[in-house]
Amino acid sequence: MKYLQIGACVIFLLVWPKLAVAKKDILTVTPKVCVVSEQQDFCDVDVKFALNMPHKMDVCLYSEDQQLQCWQQVTLEEFNHKARVQVETIYSLVNPHTDELLATTRIEVQSTRAKTTRRRLRSPWSFF
């Protein structure tokens, strides 16, 4: 009985990290960062999504609240999308039957503008 419990613990410890990694890499996006110039407040970017599902299932890809694409019984898939990004955009992968959120990823927006304000190095009040 003791060996059975030890064996069950060993199997659990070997399988558990693989399940955690699989959940993490379900949805990936490239590029992850979009850089806007001083002349524009947005950037047009060709976004590439990669889906890596643990088993076949129906899924839909959303940009914020807008549906981009749905697939039926998919495990591996790549999808290209032209996007105009102004602010950080969150993409979600959802099961359309249960509305279960399966994965999220985001594209960050960074500006080339130099910051005009400086952080104050010391507090405005002082006893000395």
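For the stretch 42-108, which whole-number percentage of the solvent-accessible area (1.4 Å probe, protein heavy atoms only) is attributable to carbon and sulfur atoms? Answer for the stretch 42-108: carbon and sulfur cover 43 percent of the accessible area.
Using a 1.4 angstrom probe on the protein heavy atoms only, could you order Asp58, Asp41, Asp25 from most to least accessible area? Please list the in-between numbers first.
Numbers: Asp58 30, Asp41 95, Asp25 70 Å².
Sorted descending by solvent-accessible area, the residues read Asp41, Asp25, Asp58.
Among the protein heavy atoms, those of Leu76 account for about 120 Å² of accessible surface (1.4 Å probe, every chain in place).
Between beta-carbons, use under 9 Å as the cut-off and find the net charge around Asp44, counting Lys and Arg +1, Asp and Glu -1. Write out the running numbers ahead of the final one.
Numbers: positive: Lys82, Arg84; negative: Asp46.
So the surrounding residues net to +1.
Given R0 = 41 Å, the distance between the Cβ atoms of Thr30 and Asp99 translates into a calculated FRET efficiency of 0.95. For Lys48, a cut-off of 20 angstrom between C-alpha atoms picks up these aspartates and glutamates, skipping any fewer than 8 places away in its own chain: Asp25, Asp58, Glu64, Asp65, Glu77, Glu78, Glu88, Glu108. Glu77 contributes an accessible area of around 60 Å² to the protein surface, as traced by a 1.4 Å probe with all chains present. Phi angles of the stretch 76-93 translate, via the Karplus equation with coefficients 6.51, -1.76, 1.60 and θ = phi - 60°, into HN-Hα couplings of 10, 7, 10, 9, 9, 8, 8, 10, 10, 10, 10, 10, 3, 10, 9, 10, 10, 10 Hz per residue; Gly and Pro are given as x.
The values are calculated or read from the model by the stated rules, or taken from the named source; none is laboratory data. Source: prediction; values computed, not measured. Positions of Cβ are backbone-derived with ideal geometry, glycine not excepted, and every protein chain shown enters the neighbour counts. The accessibility values were calculated without ligands, DNA or RNA, using every heavy atom of the protein model including side chains. Shrake-Rupley method; radii C 1.70, N 1.55, O 1.52, S 1.80 Å.
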